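This report concerns only the one structure given below.
The values are calculated or read from the model by the stated rules, or taken from the named source; none is laboratory data. Computed from a predicted model, the values in this text were never measured in an experiment. Every residue, glycine among them, receives a Cβ derived from its backbone with ideal geometry; neighbour counts consider all protein chains shown.
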Amino acid sequence: MAASHTRAVRNVPWRSIGKIFIVIFCVLFLTLPFIEMVKAMIADPQLLVRQLLIGLTNGAYIALIALGYTLVYGIVELINFAHGDLYMLGAFFSLTLIGTFALTPETPWLVRGPLLLVVLIATMAFTATLNMLVDRWAYRKLRGVGSRMAALISAIGISFIFQNLGLLWGYLRLPFMHGVMGSNAVAPKSFPALFPNVNLLAGTGVRFGAKDLIVVGVSVVLLAALYIFVTRTRLGKAMRATAQDRDAAALMGIDVNRTISLAFILGGALAGASGMLVGLYNGTAVFDMGFTAGLRSFTAAVLGGIGNIVGAMLGGLLIGIISAMSDQYISTKWTNAVVFGILVIILVFRPTGLLGDDTAQKA
Amino acid sequence: MKRVSILFVLMMVASLFASCGSLASVGNGSTIKIVSSLPRTGSSKGQTDSIVNAIKQRLEEANYKACDGKFTIVYEDMDDATAAAGKWDAAQEASNANKAAGDTSVMMYIGTFNSGAAKISIPILNQAGLVMISPANTYPGLTKPGKGEADEPAKYYPNGTNNYARVVPADDLQGAAAARWAQSLGAASVYVLDDTELYGKGVADVFEATAKELGLDVKAHDGIDGKAADYRALAAKIVDAAPDMVYYGGITQNNAGQLLKDIRAEGFTGKFMGPDGIYESAFIEAAGADAEGVYATFGGVPAEKLEGDAATWYANYKSKYNAEPEVYAVYGYEAANVAMNALNTVCKADRAAIQAAVMGTKDFKGILGTWSFDANGDTSLTAMSGAQVVNGKFEFVTAIK
C-alpha cells in the first residue's frame, strides 16, 4: 500500500506539465509575432524564396559537418568536439593547395574545374587521414577503459590542438603558396572567388548564384554517396552492426576497430569537403571558424536525432532555414537564441531528436 | 634523498637570484616606468606596431631621460590580446592593469586601443591612483556624462577622481561626422549595423541619431554576431531594403570583411561606410577586392596631410622606421608627449602629482597643434577626416566639418 502510494507521487506527470506550459507560453506570446511574420512573408514572396534558398545552401554544408558528429556518435558514443576544428583545417588545407596551384578567378574553366576537383579530393583525404590518426592515437586507447568522459575530454584537447595548428598555419609563408595566407597571421584568410557568382534565376527577382548551386550540388552528391555506402555495402552493413551492438558485431567476425576507423575516415572526409566548400562560398577562412560551425552542426545532429544519418541531414537543413528566417524576420542578434530555443522545445517533445529512436540513444 | 637535496639547493639559488632582482628594482628610485597596453597579437597589430614605434620615437628623442636626467625611463610594451581570441581579451587587459598598478615604479599607463578594454582597466588603475592616457579609445561614455549609459562615466572612477584622458576625439563627434559625410556623399537612406561591442554600438547609435536629425531615411539598425560563419541572410534583407548606404559600426576583428563580402555577393552596389575601427590594412586584406570604394571616418587628419611640427614628425617617423605610420601612430606619439611633459613638470616619482599634471594639461603645444584636456579628460581637438579605399589602400578624401 505504502509502496504504491510513493509510486503515485512519483507519477506526477512533470514532463506533461512542462509541455503544457510551453504550449501555453507559445500560444500567449508567440502567436501575434508569428502572424506578423507570416504576413511579411506573404507580402514579399521573392524575398522569402531567396531566404529559403540561403537556408538550403547553409543547411547543406552544416549537414556535411553534422554527419561527422553523428557517424562517430552512432558507433562509439563519443561527441567528437574536435570535429569543427577539423573542418577549419580542411579550409586551410584547401586554401594552401589553391595557392600552390595558383588558381585565380582568371584561370580558364578547363584548368580550374579539374584542379578544384583535385583540391577537393586531396582535402578530403587530408582531413580523413587526420581524423583516423587522432582516433588511433588518442581515442582508441581510452575506449572501453574507465569512463566515457576520458575520451570526451581528450576530444576537447584535440580541438585546442587543431585550433592552434590553424593559428600556426597562418604563419606559413612558403614561396610556392603565392601569398594566399596574406600578411597577417591571425587575420581571416581571403579565398580567391573561384566559384562564379552569376545569378542563375536572373529576371525572376530571386537570387540563386552559381556558387550556391555548386555548394548544394556537391553536398547532395556526397550525402547521397554516404547514404548508399552505409545502407547498401558490406562495410556499411558492418558499420550499422557495430553501431547496434559492438560485442555482438565482434562475435560475428566484424573487425570493430577497423569499422570505427572507417566512421572517423568518412566523417573526416565530409568535414574536409565542407571546409573547402565554405571557404570558397563565403570567401574567408579563420582559425576559430570551427567553433561556431561545430556548435551549429552538433546542434543539427542532436535536432535530427544523434546517431541517425538522415536525421543529421534534416537537422542541418532545418538549422540553415531557421537561421535565415530569423535573420530576415526577427533580427540577426536574436538568431542564436531562436535556433537554440527551438532546439530546447523540440527536445522537450522528442528527447531523442526528430528522427532518433530510443535505441539510438543508448547512453 | 640525494635528488631532493639537489632540488633544494637549486631552489635556494633560484630564490636568491629572484630576491636580488627585486631588490635592484626597488633600490633604484630614479627609474620611472611607462607601460602601454595594446593588442599586439591579432590583426590590430599593424595599428599597434606603429603606435608603439611612435611612443618609442618620443622616448628616444628624450634619450629615455626625464627631468634633465634625474630619472631614467623604462618602457614596457604589454599585450592585451591573446592569440586564441585574435583580438583584445578582457582577462588579459585586467591582468596588465593589475600588474602595472602593483609595480610602484610605473607612473604612466598608455592605452588602451579598444574602448571595451579601457572599461576594464580604468577602474583598476583608478584605485591605484595611476594615470592612463589613451591614444585610440573613442567610446564617449568613458569620459562624457550623458553620452553613454546612465551610470557612465562615474562607475569607472570608484575613488572619485579622474585618472583617464584621451588624445583622440570621441565617437559622439565621429558618429555625427560620419552621418554628415554620408549625406554630403548623396546617401538619402542608410542601413545601420553594429558589432554589439561598446565601441561599435556606441558609434552606430550616434550615427543613427544624427542621420535621423539630418532627415536621412534609416531603414533599420541590426546587431551582428561577430563570430558567425556568414551574413548572407542579413545581406539579402539589406538588398531588399535597398538603402543607398550601409553603415557598419564596429571593428575589423568582428568579421567586417566577411560582412562586406556577403553584402556585395548578394548584389548590393551602394556605399559602405565604417568608423576608424575598419580604417586599417587588415580590413582591406580581409575583404579582398570588395574593399574597393569603402568609406571610413577617423579622428584627426592623416599623417601625410599633417602640417607644422606634425609634418616634421611624419618625416622623422618614415626615415626612422622605413614605413608609413598607421592612423593612430600620431596619437601614440602625442600620448607619450603629454606623458613626458607631465613627468618633466612634476619631477617626482609621485603618481598623484603626475596624474594631476596630466589631467590638468592646458594649452599644450603638441604636434597636433595647441590643445587642452577638458574636465572630463577629453581633448579640445575635434578635427575629423574621411577616407576611401582606392586601389587597395585607404586614401584621404576630405576633412569633415
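Here is how the numbers come out for the structure above:
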{"read-out": "Residue count for region A:163-184, restricted to those that are out of contact with any Ser or Thr (no Cβ under 9 Å at 6 or more places or on another chain), in a loop (DSSP other than H, G, I, E, B) and buried (at least 18 other Cβ atoms within 10 Å of the Cβ)", "value": "1"}
{"read-out": "Residue, surrounded by the fewest Cβ atoms within 10 Å (Cβ to Cβ), within region B:147-161, restricted to residues that are in contact with a helix residue (DSSP H, G or I) (Cβ under 9 Å, 6 or more places away or on another chain) and free of Cβ contacts under 8 Å to residues at least 24 places away in the same chain", "value": "B:G160"}
{"read-out": "Considering residues of region A:282-292 that are surrounded by 24 or more Cβ atoms within 10 Å (Cβ to Cβ) and at the interface with chain B (Cβ under 8 Å from one of its Cβ atoms) only, the residue nearest to B:A289 (Cα to Cα)", "value": "A:G283"}
{"read-out": "Some residue of region A:39-51 being hydrophobic (A, V, I, L, M, F, W, C), in a helix (DSSP H, G or I), out of contact with any helix residue (DSSP H, G or I) (no Cβ under 7 Å at 6 or more places or on another chain) and without any contact (Cβ under 8 Å) to a residue 40 or more places away in the chain", "value": "yes"}
{"read-out": "Given (1) under 27 Å from A:T31 (Cα atoms); (2) surrounded by 19 or more Cβ atoms within 10 Å (Cβ to Cβ); (3) touching a residue at least 40 places away in the same chain (Cβ under 8 Å), index of the condition A:T332 fails", "value": "(3)"}
{"read-out": "Among (1) farther than 30 Å from B:A282 by Cβ; (2) loosely packed, with under 13 Cβ neighbours inside 10 Å; (3) among the acidic types (D, E), the one test that A:E106 misses", "value": "(1)"}
{"read-out": "Pair list, Cβ < 8 Å and 6+ apart or interchain, from region B:162-183 residues that are within 24 Å of B:K362 (Cβ to Cβ) to residues that are charged (D, E, K, R) and surrounded by fewer than 24 Cβ atoms within 10 Å (Cβ to Cβ)", "value": "B:A165/B:D378; B:R166/B:D378; B:P169/B:D378; B:A170/B:K144; B:A170/B:K147; B:A170/B:D378; B:D172/B:K144; B:D172/B:K147"}
{"read-out": "Qualifying position, being among the hydrophobic types (A, V, I, L, M, F, W, C) and either closer than 22 Å to A:T123 by Cβ or within 14 Å of chain B (Cβ to nearest Cβ) (or both), among A:L277, A:L251, A:L235", "value": "A:L277"}
{"read-out": "Options A:I260, A:I342, A:I265; residue that is away from chain B (no Cβ under 14 Å), closer than 22 Å to A:S94 by Cα and either over 18 Å from the mean Cα position of the chain (by Cα) or surrounded by fewer than 24 Cβ atoms within 10 Å (Cβ to Cβ) (or both)", "value": "A:I265"}
{"read-out": "Selected residue (criterion: farthest from A:I161 (Cα to Cα)) from residues of region B:36-93 that are within 14 Å of chain A (Cβ to nearest Cβ) and hydrophobic (A, V, I, L, M, F, W, C)", "value": "B:W88"}
{"read-out": "Selection from region A:92-130 of residues that are among the polar types (S, T, N, Q) and touching a Leu at 6+ places or on another chain (Cβ under 6 Å)", "value": "A:T127"}
{"read-out": "Pair list, Cβ under 7 Å, 6 or more apart: region B:222-235 residue facing chain A (nearest Cβ under 7 Å), other residue among the acidic types (D, E)", "value": "B:G223/B:D194; B:I224/B:D195; B:D230/B:D262; B:R232/B:D262; B:R232/B:E266; B:A233/A:D327; B:L234/A:D327; B:L234/B:D222"}
{"read-out": "Residue within region B:135-144 that is farther than 14 Å from B:G116 by Cβ, in the same structural domain as B:N341 (by TED's automatic domain parsing) and surrounded by 24 or more Cβ atoms within 10 Å (Cβ to Cβ) present", "value": "yes"}
{"read-out": "Residues within region A:178-194 that are more than 10 Å from chain B (Cβ to nearest Cβ) and in contact with a helix residue (DSSP H, G or I) (Cβ under 6 Å, 6 or more places away or on another chain), tallied", "value": "3"}
{"read-out": "Residues located in region B:364-374, provided they are of a type in the set (D, E, K, R) and either part of a strand (DSSP E or B) or touching a helix residue (DSSP H, G or I) at 6+ places or on another chain (Cβ under 6 Å) (or both)", "value": "B:K365"}
{"read-out": "Residue within region B:284-298 that is part of a loop (DSSP other than H, G, I, E, B) and within 14 Å of chain A (Cβ to nearest Cβ) present", "value": "yes"}
{"read-out": "Residue list for region A:31-69, restricted to those being among the small types (G, A, S) and surrounded by 17 or more Cβ atoms within 10 Å (Cβ to Cβ)", "value": "A:G55, A:G59, A:A60, A:A63, A:A66, A:G68"}
{"read-out": "Search result, residues across region A:185-209 that are under 20 Å from B:G288 (Cα atoms) and either in a helix (DSSP H, G or I) or without any contact (Cβ under 8 Å) to a residue 40 or more places away in the chain (or both)", "value": "A:A185, A:P196, A:N197, A:V198, A:G209"}
{"read-out": "Within region B:239-257, considering residues that are over 30 Å from the mean Cα position of the chain (by Cα) and in a helix (DSSP H, G or I), the one farthest from the other protein chains (Cβ to nearest Cβ)", "value": "B:A241"}
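One line per residue, one yes/no per condition, for (1) in a loop (DSSP other than H, G, I, E, B); (2) modelled with pLDDT of 90 or more; (3) over 21 Å from B:I55 (Cα atoms):
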{"residue": "B:V358", "(1), (2), (3)": "no, yes, no"}
{"residue": "B:N376", "(1), (2), (3)": "yes, yes, yes"}
{"residue": "B:A387", "(1), (2), (3)": "no, yes, yes"}
{"residue": "B:F396", "(1), (2), (3)": "no, no, yes"}
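Residues are listed down the side, and each one gets a yes or a no for (1) outside any helix (DSSP H, G or I); (2) of a type in the set (A, V, I, L, M, F, W, C):
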| position | (1), (2) |
| --- | --- |
| A:F92 | no, yes |
| A:L97 | no, yes |
| A:E106 | yes, no |
| A:L116 | no, yes |
| A:M124 | no, yes |
| A:T127 | no, no |
| A:N131 | no, no |
